[in-house]
Amino acid sequence: MTYEAWSPLFLGMVLSMLLANSVQWFMYRERIYGIYSIYTLTWAVYFTVNFFDQPANIANFEKLILSYSGYILYLELAKIFLNLRERPKFLRWVVIVQGMLVAYVVIKTYIYLFTDFWQTKLHTILLQPVRFALMGVGAYIVVTFYRSKDVVARFFVAGTASLLVNHAITTLLLLNSPELSIKLPFWEHPDLFVQTGVVLDLIFFALGISYRHWREAVNKAVVEKDLDREREQRHREYLEADLALQRMQQEKTDMQMRALQSQINPHFLFNGLNTLSSLIDESPTQAGEFVDELSNVYRYLLRSNEHELTTLNVELRFILSYFHLLKTRFGRNIAMDIDVDDEYQDALLPPLTLQLLVENAVKHNVVLPKQPLTIRIRTTQYKQLIIENTLQRKKISVESNGVGLSNIAVKYRLLNQASPLIEEQEGWFRVTLQLMMPKPKPVKLD
């Protein structure tokens, strides 16, 4: 069987690998796939030119260009497979060898196309050092990297070793029989071993590239998993920090609310004692009754510190008790009108809000038989509570520490509610508060 019968088989194998790798090149767009595809294409064309009858110098020129282009591309693949960026000294020598190969191709091109030197025996002799030099480069790579722990590098070393062994056999055959003939038995034809080495080299390179891609995919998946885990950890830490911040803000709000409520107690006690002092001189009996009512009211006052919010219904019941104290002192000179819709009985507001507003109305306005003070508490359809009183300010300025209205305004701000609206209209002093509706209770299905 002649080499001519075997050659199409090698060509078909190379073309198959070229097709498979070209698909991967278009899929992944990685540089290594592009170089490998060009490398495979170069050898496919090299195998193909053997089937054409051409002048000897042209055929030699074509084989020169193709084979040495393959060697240059081989060294380019070595940079990637062996990760030579981490070995700059070795990388520098590889670049030098590539430059020497380019120079050699230029010189040989001139010899084949413009001189007859290629037909001389001296030319044939001079070819041998170049072949041995190329084998020396391959042997150096094998010796340097055969113990590498990197699997990708081992695939490259295996491909290089296959190419090296078959190249050595080819050199020996050429030394024994420089004249090539396609009619030679396949085991005597040098190109058979060139093609065998190239095919094995391409197979090992393809396996190395596939393994490299698989390894990078695994590493990428691991990195992405680690990143996802880190993102989850960061998100969890963020949520915990945010929760801690909310707790701190809530604690701060609670402390501020407690501080505001603690301001109310001495404020109420101060005004209550002033009232009691006046009442003792006017009516000792009523003063005793006033003390009893005062103790009941103060009991509620102490309990109110336990909560930031209370219901309107509870506040109304308390204000009636408080108004009883005022009635004890002022009699018919003071009146209170309450008109609250039943749907707002469970609405929420800060404790003692009504007491502060009613107390301010009595403190800053005249309460006399000819000028009775009227206080009205009513709701609107817009979930608002209005506390208003007839505006009849005392001519003599009243000492005030400014706790009342400012206290209510601060409480509403801490609760993220609209500030109270304070206005004077048509002889009335009016404060409008926004009621907070409780969350609806879940309906239980039978």
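The values are calculated or read from the model by the stated rules, or taken from the named source; none is laboratory data. Keep in mind that this is a model prediction, so the values were computed, not measured. Note that each Cβ is placed from the backbone with ideal geometry, even for glycine, and that neighbours are counted across all protein chains shown.
List every residue pair whose Cβ atoms lie under 8 Å apart, where the two residues are 6 or more positions apart in sequence or sit on different chains, the first residue falls within the stretch 375-396 and is closer than 9 Å to residue 435 by Cβ, and the second residue, located anywhere, is surrounded by 14 or more Cβ atoms within 10 Å (Cβ to Cβ) and of a type in the set (Gly, Ala, Ser).
383/347; 385/347
For residues that are at pLDDT 90 or above and within 25 Å of residue 437 (Cβ to Cβ), scanning just the stretch 354-374, find the one that is surrounded by the fewest Cβ atoms within 10 Å (Cβ to Cβ).
358
Restricting to the stretch 108-147, give me the number of residues that are under 21 Å from residue 201 (Cβ atoms), modelled with pLDDT under 85 and either among the small types (Gly, Ala, Ser) or over 58 Å from the mean Cα position of the chain (by Cα) (or both).
0
Can you say whether residue 338 is of a type in the set (A, V, I, L, M), crowded, with 21+ Cβ neighbours inside 10 Å and in contact with a helix residue (DSSP H, G or I) (Cβ under 8 Å, 6 or more places away or on another chain), as far as the supplied structure shows?
So residue 338 fails the test.
What single numbered condition from (1) within 25 Å of residue 392 (Cβ to Cβ); (2) part of a helix (DSSP H, G or I); (3) touching a Phe, Trp or Tyr at 6+ places or on another chain (Cβ under 6 Å); (4) free of Cβ contacts under 8 Å to residues at least 60 places away in the same chain fails to hold for residue 367?
Status for residue 367: all satisfied but (2).
Quick check: is even one residue across the stretch 262-271 in the same structural domain as residue 405 (by TED's automatic domain parsing), in a helix (DSSP H, G or I) and either at pLDDT below 90 or loosely packed, with under 13 Cβ neighbours inside 10 Å (or both)?
no
Please specify each residue of the stretch 349-378 satisfying the condition of being β-branched (Val, Ile, Thr) and more than 50 Å from the chain's Cα centre (by Cα).
358, 362, 366, 367, 374, 375, 377
Here is a check on your reading of the model: is residue 344 at pLDDT below 90 and aromatic (Phe, Trp, Tyr)?
No; evaluated as a whole, the condition is false for this residue.
What residue, of 3, 28, 33, is closer than 26 Å to residue 150 by Cβ, at pLDDT below 80 and not acidic (Asp, Glu)?
After ruling out the rest, the residue left standing is 28.
Only one of these conditions is not met by residue 96: (1) crowded, with 16+ Cβ neighbours inside 10 Å; (2) closer than 27 Å to residue 141 by Cβ; (3) over 45 Å from the mean Cα position of the chain (by Cα); (4) free of Cβ contacts under 8 Å to residues at least 12 places away in the same chain. Which number is it?
Residue 96 satisfies every listed condition except (1).
Sort out which residues of the stretch 297-348 are touching a Phe, Trp or Tyr at 6+ places or on another chain (Cβ under 9 Å) and in a strand (DSSP E or B), and write them in order of number.
310, 334, 336
Might you check whether a residue that is outside any helix (DSSP H, G or I), among the acidic types (Asp, Glu) and in contact (Cβ under 8 Å) with a residue 24 or more places away in the chain occurs anywhere in the stretch 137-151?
Checked the stretch 137-151: at least one residue is outside any helix (DSSP H, G or I), among the acidic types (Asp, Glu) and in contact (Cβ under 8 Å) with a residue 24 or more places away in the chain.
Evaluate the stretch 376-387: report whether one residue or more is of a type outside the set (Ser, Thr, Tyr), within 23 Å of residue 270 (Cβ to Cβ) and not in a helix (DSSP H, G or I).
Yes, the stretch 376-387 contains at least one residue that is of a type outside the set (Ser, Thr, Tyr), within 23 Å of residue 270 (Cβ to Cβ) and not in a helix (DSSP H, G or I).
Exactly one condition in (1) in contact (Cβ under 8 Å) with a residue 40 or more places away in the chain; (2) more than 20 Å from residue 161 (Cβ to Cβ); (3) buried (at least 18 other Cβ atoms within 10 Å of the Cβ) is not met by residue 82; state its number.
Every condition holds for residue 82 apart from (2).
If I go through the stretch 45-74 residue by residue, how many of them are over 51 Å from the mean Cα position of the chain (by Cα) and over 21 Å from residue 116 (Cα atoms)?
Number of matching residues: 7.
What pairs come out if I take residues in the stretch 24-37 that are among the charged types (D, E, K, R) and pair them with residues that are part of a helix (DSSP H, G or I) whose C-beta lies under 8 Å away, six or more apart or interchain?
That search, which allows pairs on different chains as well, returns 30/213; 31/80.
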